[in-house]
Amino acid sequence: QVQLVESGGGFMQAGGSLRLSCAASGSAFSIDTMGWYRQAPGKQRELVATISNGDSTNYADSVKGRFAISRDNAKNTVYLQMNSLKLEDTAVYYCYAAWAASALGRPLGSWGQGTQVTVSS
């Protein structure tokens, strides 16, 4: 089982920056794609960014050029650097990790508990 713990959320004025971190712990044969999703009040959870274990990245159009995802495989940690924050970035941000328990094991997924990001004018 893989547990994810996020940190780094908080309050920020529009135009500012925040950096989220998500550390994975537990037993896994491999941790594959990691990513960030967010859910604003009254809206569905949406993808923000993902990164493969080969460092291939994917971003939602709404955050391209402003957010950057990275990972440290030695620490099993994924980061989200958020710059030029906008009011519409306000949401609970969730970390996600796809992992396998063994070499032939089926892909599994874990979610973090979420961290609140609030952007004010």
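Numerical summary
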| item | result |
| --- | --- |
| Paramagnetic reach from residue 13 in region 94-121 [backbone N under 19 Å; point 7 Å along Cα→Cβ] | 117-121 |
| Solvent-accessible surface (1.4 angstrom probe) belonging to residue 86, in square angstrom, nearest 10 | 90 Å² |
| Order of exposure, largest accessible area first, which applies to 106, 45, 38 with probe 1.4 Å | 106, 45, 38 |
| Three-way shape label, the chain, alpha-carbon gyration tensor, a/c 1.5 | prolate |
| Accessible-area value, residue 121, 1.4 Å probe, nucleic acids and ligands omitted, Å² | 120 Å² |
| Heavy-atom accessible area order for 108, 87, largest first, 1.4 Å probe | 87, 108 |
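The values are calculated or read from the model by the stated rules, or taken from the named source; none is laboratory data. Predicted model, so just to flag it, every value in this text is computed and none were measured. Because the Cβ atoms are built from the backbone with ideal geometry, glycine has one as well, and the counts that use them run over all protein chains shown. Accessible surface is based on the protein model in full, side chains and every heavy atom, while ligands, DNA and RNA are left aside. Shrake-Rupley method; radii C 1.70, N 1.55, O 1.52, S 1.80 Å.
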